[in-house]
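The block underneath contains the structure these notes are about, expressed in structure tokens.
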Amino acid sequence: MPLTTIWITDTGNSLMQSLRPTPMYIRRGRISAVGRRGTWVVLVRLCLLLAIGASILSGCAGLRLPAIDPTGNRIFLPAPSYTTLVDPADRPFLNPGSLFPEPAFPQPEDPPYCEDMVMVPAAPQVLVPAAPQAQSVVPANAVALEPFEDRERLIDRIRDQWSHRDLYDGKLSLTPARLVAPVGSEVVLRAEICLPDGYNVTREPIEWTLSQDSVGQFVEVDRSGKPLIHTLFHRRPKKVGSNFAIGTTATSSQLITRGTTREDDDIQLLPGQTWISLTSATEGASTVYAVAPRGCDWNNRRQAATIHWVDGQWTFPAPSVGVATAGQNLTTTVTRASNGSPIAGWIVRYEILDGPPAHFESSGNAIAEATSDSLGQATVRIIPDQQSAGTNRVGIQVIRTGSNSGDLARIAVGQGTTSVTWSATGLSVLMRAPDIAEVGSLIDYTIDVTNPSPLPLSDVEVNSAMATEL
């Protein structure tokens, strides 16, 4: 027996609740519903569908809709005010036997008659006399034009548009302005907009840019917590790329711990400050620009900082003891931090800070410079001016010569101190005897000779002259 399919719409309480049709199959006079509902549910839906279809076929005379309130006090008027329904067949401007309205212009009108063109006669020729020759005129005193608005009033009017502090009096500050850092380390830069009264401006955007000829890249930008209403109407801090980022001055204090348990590497930030970090895997220079787009005037809204990346480490000479008559060598060793290979061509500067008079053998004065050799060693010799005991404190500075783009000719990358203690040969003599003695008695004298220096002495003679009365 052929299978017949009937689609019954799921009406429920209203036709608007129907989601999909329910298939039903009629076989041998029996109706079976496909789905989770029983046969009686399907029969009820079929009856509802037939009732709705009958009401539609009988017309809309029984339907009543509430009328709209023309006063605007409410949406609909109360009963018995209803909207009048018009039968489509009774509407005016309908074509007989059609449900569509009659067109307003069934046929376009003819265009107006175009008259013959009339030629306008040419205008008579008119002779214009030549303009008189211009004569020289002595210029009068220049008169300054009045500005369209007083400058001070214009600035005050612009400043009044801001609901917070007078931003145009601020100045952008960026620290540190110049820094030397080891290759592979992470450097933190701090920016703030400072007002003349000493306060910082909060919630102001700061744009960070790394110049195209720089080495390295940005690592992280300040993303400290911002109020929700601020994030809805302002740009959120983010790192747009490896050389561009957008930050915002913080509204509260914060502490950057660098992820370590040490406290000496922490960075404390105040309200109105923001930060960014960068690093480099190669030697060179990084130039970072910070711009406050709306926090300051154009002369004070931008600052720059330069970071010199160095791949080097050094070992300063340890404190030593020398003989005043011989002098003492001081050697500083410079090597690569990445692979430990020696660095040649770097300059090490030595300076005698205090102690007994002394000089360096190479320069003849208290300051000397030595260049590291193929072993990375830079050596000088210090000699005391007097053969006396004492200690000289020596300051040491490691200087890298510029070899990369953007580097300075001389960059001090490290410094430290050492000391040299001089030992001079010297004897200490002490004679002891009783204070009172009898006439004609024997007096014993004791002479103590000591050597306070660590140097050994030999063949020492002691001579003592006695008084003539004895």
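Read-outs throughout are calculated quantities, based only on the coordinates presented, and are distinct from any laboratory measurement. What you see is a predicted model, and the numbers here were worked out from it, not measured in a lab. Reconstructed Cβ throughout: ideal geometry from the backbone, glycine too, with neighbour counts over all protein chains shown.
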- Query: Where the only charges are on Cβ atoms (+1 Lys, Arg; -1 Asp, Glu), what is the dipole of the stretch 313-423 about its Cα centre, to the nearest 20 debye?
  - Reply: 240
- Note on the structure: FRET efficiency for residue 175 and residue 436 from the Cβ-Cβ distance with R0 = 51 Å, rounded to 0.05, comes out at 0.10
- Sorted by chain and then number, the residues having a modelled amide H within less than 5 Å of the amide H of residue 240, at least 5 places away or on another chain, are 245, 246
- Taking the dipole of the stretch 318-470 about the Cα centre (Lys, Arg +1; Asp, Glu -1; charges at Cβ), the one of 368, 324, 356 that reaches farthest to the positive side is 368
- Note on the structure: Applied in sequence order to the stretch 196-204, the curve 6.51 cos²θ - 1.76 cosθ + 1.60 (Karplus, θ = phi - 60°) yields integer Hz couplings, x standing for Gly and Pro, of x, 7, x, 8, 9, 8, 9, 6, 10
- ³J(HN,Hα) computed for each position of the stretch 173-183 - Karplus, 6.51 cos²θ - 1.76 cosθ + 1.60, integer Hz, glycine/proline x: 10, 10, 9, x, 7, 9, 8, 10, 9, x, 4
- Query: residue 458 to residue 365: FRET efficiency via 1/(1 + (r/R0)^6), r the Cβ-Cβ distance, R0 30 Å, to the nearest 0.05?
  - Reply: 0.25
- Message: I'd like the distance separating the alpha-carbon centroids of the stretch 203-220 and the stretch 261-280, in whole Å.
- Response: 16
- Item | Under 14 Å, Cβ to Cβ, from residue 356 - net charge with Lys/Arg +1 and Asp/Glu -1 | -1
- Vicinal HN-Hα couplings computed from phi for the stretch 386-393 (Karplus, 6.51 cos²θ - 1.76 cosθ + 1.60; Hz; Gly/Pro x): 10, 8, 9, 6, x, 10, 9, 9
- Note on the structure: Placing +1 on each Lys and Arg Cβ and -1 on each Asp and Glu Cβ in the stretch 313-423, then taking the dipole about the Cα centre, the residue among 335, 345, 391 whose Cα reaches farthest towards the positive end is 335
